[in-house]
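First comes the structure, then the notes that go with it.
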There are 2 protein chains.
Amino acid sequence: MARTGRRPGPTETRGEILAAARRLFGDLGYDGTTIRGIAREAGVDPALVHHFFGTKERVFVAAMEFPFDPEDIVPEIIEGPRAELGERFVRFFVRVWGDPQSRSGFLALVRSASSNERAAAMLRQFVTSALLARVAEHTGLPRLRMELAAAQLMGIALMRYILKVEPLASADDDEVAALVAPVIQHYLGTGEV
Amino acid sequence: MARTGRRPGPTETRGEILAAARRLFGDLGYDGTTIRGIAREAGVDPALVHHFFGTKERVFVAAMEFPFDPEDIVPEIIEGPRAELGERFVRFFVRVWGDPQSRSGFLALVRSASSNERAAAMLRQFVTSALLARVAEHTGLPRLRMELAAAQLMGIALMRYILKVEPLASADDDEVAALVAPVIQHYLGTGEV
C-alpha cells in the first residue's frame, strides 16, 4: 500500500513498532534486540516505544502474542505459602492455556521454534531471562529444577491443547491440578517428593 | 522422473510403500489407514507390506521416523520391579532423545502437529493406540496418569532438545534421571508422591 502524507495515528504507530519488533527479535534474538533498535527500525523515537510498552519484555509479549506477561505473573504466583507453590503454578498455567486466544500465540511459538534454530534461540532467551531468571530471583531455586517444572507444564500444553489426547484434553482443571501440583512442588518446593 | 519398464528393486519398493503410507496417514489419520490401503496406494500386494514391516504400527514408525518402536520398547520398560518403573522410563527417553537422528523425526512430528490439525490427529491416534493403550494393557494404570507422565517426558524433549534451555540442555542423563524418575513414579507407580 502506498504511504499517504498524513501523520500515522497511535494504533498505526503501535502496529509499526510491533512489526519492527518481530523483525528484530527474529533476526537478532531476544538478547540482541534493544528498545532503541526497535525504535530505529520503526522510524520512531525510543520514548514512544517506552510510552506504549514500558519494557523490552512487554514489547516481546505483545509482538509475539506470548500467552502471559511474566513481569506481572511471576511475583503474583511466587507470593504466598511455599507449600502451595506447586498448586498456584499449575492452576495459573491450566487457566492460561485453557483460553483459546492465549493458546494461539503459544502454538505459533512452538511451531516456529521447532522449525528453525533462530526462532528457538529467540524463545529460549526470552524464557530464560523473563521467566526463569525471575523465578530464580524470587525463590533462590536451582535453575535445573525450575526447567523441569516448566517442562512438565509445557508438555501438558502440548498433549492437552495441541495433540488433544484424551482423557487429558477434556479433564477438568481441578483434576489436572490435583495430580500435577505435587510434581511442581517436588521441583520447586523442598525437594522431598 | 519417467518410469522405466524394469521391475523395481526391493529398496525402491520399500521406499514407495513408505511414501504411500505417509500420504495415507496424513490424509486418513493413523486409525483410518490400513495395510491393505497402503498396498493399494503403492500398487503392491498387501503381503509385501507385511513382509517388509510386519504391522501397521511398524509402517508408521518407519514412514514417520518415529524415534522408537513402541511394540518393542514398552514391554521391555514395563518388565522389572514396579518401584523402578519411573527410572527405567526416564532413562529410556533420555537415551532416545539424546540421539540426534531419533530427534529429527520427533522434531518433524511436533512441527507438523503444531501446524495443522490433521497431523495432530494422526500423531494423537498413534500415541494413543501404540503407546498409551499398550502401557495401560501391561500396567492397568489410569490413562490420565500415563498422559501426565508422557507430558513430562515430551516437555523435557522440548526444553532440552528444541529450545536448548541451559542448564537442562547440557545436564547429564544421570542428573536428569535422578530428578525426574520420582515424578514418573508418582504418575505410574502407586500414586503416593
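If we scan the stretch A:178-190, do we find a residue that is closer than 22 Å to B:VAL180 by Cβ, more than 11 Å from chain B (Cβ to nearest Cβ) and under 16 Å from the mean Cα position of the chain (by Cα)? Within the stretch A:178-190, not a single residue is closer than 22 Å to B:VAL180 by Cβ, more than 11 Å from chain B (Cβ to nearest Cβ) and under 16 Å from the mean Cα position of the chain (by Cα). None of B:ALA62, B:ALA20 is more than 16 Å from the chain's Cα centre (by Cα) and in a helix (DSSP H, G or I) except B:ALA20. Here A:ALA19 fulfils each of the conditions (1) surrounded by 15 or more Cβ atoms within 10 Å (Cβ to Cβ); (2) on the phi < 0 side of the Ramachandran plot apart from (1). The combined condition, being within 12 Å of chain A (Cβ to nearest Cβ), among the basic types (Lys, Arg) and touching a residue at least 40 places away in the same chain (Cβ under 8 Å), is fulfilled by B:ARG145.
Among the residues of the stretch A:105-121, those that are touching a residue at least 24 places away in the same chain (Cβ under 8 Å) and either within 11 Å of another protein chain (Cβ to nearest Cβ) or of a type in the set (Lys, Arg) (or both) comprise A:PHE106, A:LEU107, A:ALA108, A:LEU109, A:VAL110, A:ARG118, A:ALA119, A:ALA121. Among the candidates B:ILE162, B:ILE156, the residue that is crowded, with 18+ Cβ neighbours inside 10 Å, touching a residue at least 60 places away in the same chain (Cβ under 8 Å) and at the interface with another protein chain (Cβ under 7 Å from one of its Cβ atoms) is uniquely B:ILE156. Of all residues in the stretch A:133-140, one or more are under 16 Å from the mean Cα position of the chain (by Cα), more than 7 Å from chain B (Cβ to nearest Cβ) and crowded, with 17+ Cβ neighbours inside 10 Å.
A short reminder: the numbers here are calculations on the coordinates, not readings from a lab. None of the values given here were measured: they were computed from a predicted structure. Cβ coordinates were reconstructed from backbone atoms using ideal geometry, including for glycine residues, and neighbour counts include every protein chain displayed.
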